[in-house]
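A short worksheet on the structure shown next.
The values are calculated or read from the model by the stated rules, or taken from the named source; none is laboratory data. All values reported here derive from a predicted model rather than from experimental measurement. To get the accessible areas, we keep the full protein, side chains included, count just its heavy atoms, and leave off ligands, DNA and RNA. Shrake-Rupley method; radii C 1.70, N 1.55, O 1.52, S 1.80 Å.
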Amino acid sequence: MLAIEVEFLTGHYVATRHDDRTQPEWPPHPARLVFALVAAAGKERTPSEEAALEWICEQLPPELVCSDYEARMVAESYVPVNDRVMKQERSVAAAGTLPRDRKARTFPCAVPESPVVTYTWTQAEPD
């Protein structure tokens, strides 16, 4: 068995559900844990770290234990769009202005009763 316990130090979690971008994702999807482990290992990982990451990716999805949550009110924010920056627009823009279009975004937030999530692979036998 392998268990990884994650504590959200700020007491909240900001991420959207894959099927409804206006709702928070809770609990965090196990893939997000794997992405975090890969990022923490960095680019220059040892062969044993690489093997451990590959091993966890081969496992069946873990069981999750977490508390219930309350969704924080969602407000729309407008952020610059990064996909169409033109050199000409940059040179013409006035100081302190955004030379790009802005797009509405939401940042749904889950506030769990307990900020701890446990991912457990009961059938796993790590070396």
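Computed with a 1.4 Å probe over protein heavy atoms only, the accessible area of Tyr13 comes to about 30 Å². Rolled with a 1.4 Å probe across the full set of protein chains, the surface gives Cys66 an accessible area near 50 Å².
Counting only heavy atoms of the protein chains and using a 1.4 Å probe, Ser114 has close to 50 Å² of accessible surface.
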